[in-house]
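To start, the structure itself, in C-alpha cells.
The values are calculated or read from the model by the stated rules, or taken from the named source; none is laboratory data. Note that the structure is a prediction, hence the values are computed from the model and not measured. Note that each Cβ is placed from the backbone with ideal geometry, even for glycine, and that neighbours are counted across all protein chains shown.
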Amino acid sequence: MERNVLVDKLKGYACFLVLLGHVIMGIRLSGISVPFFFEGTEQFLWSFHVALFMFLSGVVYKETGGWTSKKTKGRFILNKLLNLGIPYVVFSAVYIIINSFVGEANTHSSVADILFIWKTPVAQYWFLYALFFLFVIWVCLSGILKNWQITLFTVLLGYVLPLIPGFSWGPFDIVFYSALAFGLGTSVDFKSLTKTSAFIKYLTVAMHLAVSITLIVFGLIEKAFIKEIMTLFGIYSSISFIYLLQDIKPVSRFLLFINKYSFQTYLLHTIFTAGARVMLLRAGVSQWWIHLVLGTLCGIAFSVLASIIAKKIKVLNIFFFPTKTVKSLQKQQ
C-alpha cells in the first residue's frame, strides 16, 4: 500500500513538538529563569501534540487494514504486544535506572519502580502502554461494532463510569483518555480533512492559536470538555498547518527526517535532553535559550545516532523493532 506522505510529515511534526515540550518543561522545572511565555507554550503543546500522535496511529491502523493486516486477531495482538511491549519495558527500565542515579535528570525514581511499570507507566512511555490497550479494544470489538461506534462506546465508558462513587479505571485512565484521538483517526476520512481551501486552513491555524492563548491566559484550557474540544481543534489545526507548509522543501525534508527516526526519538529523547541540561548546569550555563537550542539538538542528534548504531549492530535494533529485526536476522542465517 502506498504511504501517506502527509501522515509521515505530521508524525515528524508531532515527534518534534513532543521533544520540544519536554525540553521546555525540563528547563522550567530545573529552576532556570525563563520568559513569561514558557509555561503557556508548554500548556499549548500539551493540549494536542501527543493526541496528534494517537490520531495518526488510528489513521495508520485504518489505512493498513486494521487487524486483517496480520490475518488473525490473535496474531495482530501478539505482534503489537511484542513491538510495543518490548520497547516499553526496556526503555522504561532504562529511564528509571538513569533517574535513580542522576537526580537532576528528570523526576526522581527508584530502581524498584521497574517492578510496577505494568501498572504505572513512566514519562512518555505511557503512550505505548495506552496504544497497546487501544489496539486490543479495537480488535476485540471489530466485527461487532464499526470504528466510530467503538470510539463512541470507549469514550463513553471512560467518562461515564468514573462518575460512579468509588469507581476508578486506575492505570487504564490513560487508555480511555486517549480513545477519542485514536478513535477519531480510525473513523474519519483523512483525505477529506485536507480538502478545505487555503484560506480556511490559514484561518483554522490562526483561530486555534488565538483561542488557545485566550484559554491559557484565563486558566481554562485544562477544564473538562474544553480540554477535549481543544485537543480535536489542535489535531485539525496541525493537519492544516503542515498541509500548508509541506511544499516548502526544507520544511518537508526536516519533517520526513524526523519521521524516519520518530519512534526511536520518542523513546530516547528525554534521556538525551535531560543529559544536555544536566551537563550545561554543571558547567554553569544558565541561559534559557542555550538550553533550549542545545537540548533540542541533542534530543534529535543523539536519538538519530543511537538509531544508526542499532541498525549497524542489528541485535540492538531488537529493542526498537523486535519482530522486524528478528526476521532480518533470520534471513541472514
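Structure values in brief
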{"read-out": "Scan of the stretch 243-253 for residues that are farther than 25 Å from residue 320 by Cβ, in a helix (DSSP H, G or I) and touching a residue at least 40 places away in the same chain (Cβ under 8 Å), ordered by number", "value": "243, 244"}
{"read-out": "Among the residues listed as 148, 126, 138, 169, the single one being touching a Pro at 6+ places or on another chain (Cβ under 7 Å) and under 22 Å from residue 228 (Cβ atoms)", "value": "169"}
{"read-out": "Residue among 328, 303 that alone is surrounded by fewer than 21 Cβ atoms within 10 Å (Cβ to Cβ) and of a type in the set (S, T, N, Q)", "value": "328"}
{"read-out": "Verdict on residue 174 being touching a residue at least 40 places away in the same chain (Cβ under 8 Å), surrounded by 13 or more Cβ atoms within 10 Å (Cβ to Cβ) and either β-branched (Val, Ile, Thr) or farther than 28 Å from residue 85 by Cβ (or both)", "value": "yes"}
{"read-out": "Failed condition for residue 82, given (1) in a helix (DSSP H, G or I); (2) crowded, with 17+ Cβ neighbours inside 10 Å", "value": "(2)"}
{"read-out": "Verdict on residue 167 being part of a loop (DSSP other than H, G, I, E, B) and over 23 Å from residue 64 (Cα atoms)", "value": "yes"}
{"read-out": "Residue within the stretch 189-202 that is closer than 20 Å to residue 88 by Cβ and either at pLDDT 95 or above or in a helix (DSSP H, G or I) (or both) present", "value": "no"}
{"read-out": "Matching helices (runs of 4 or more DSSP H) fully within the stretch 3-66 where at least 3 residues are farther than 20 Å from residue 209 by Cβ", "value": "5-29, 49-63"}
{"read-out": "Single unsatisfied condition, residue 256 versus (1) aliphatic (A, V, I, L, M); (2) touching a helix residue (DSSP H, G or I) at 6+ places or on another chain (Cβ under 8 Å); (3) free of Cβ contacts under 8 Å to residues at least 40 places away in the same chain", "value": "(3)"}
{"read-out": "Check on residue 268, in contact with a Lys or Arg (Cβ under 8 Å, 6 or more places away or on another chain), assigned to a helix (DSSP H, G or I) and within 15 Å of residue 296 (Cα to Cα)", "value": "no"}
{"read-out": "Number of positions in the stretch 68-79 that are under 14 Å from residue 131 (Cα atoms) and either crowded, with 18+ Cβ neighbours inside 10 Å or polar (S, T, N, Q) (or both)", "value": "2"}
{"read-out": "Any pair with Cβ under 8 angstrom, 6 or more apart, that starts in the stretch 3-31 at a residue that is surrounded by fewer than 20 Cβ atoms within 10 Å (Cβ to Cβ) and ends at one that is in a helix (DSSP H, G or I) and hydroxyl-bearing (Ser, Thr, Tyr)", "value": "6/194; 6/243"}
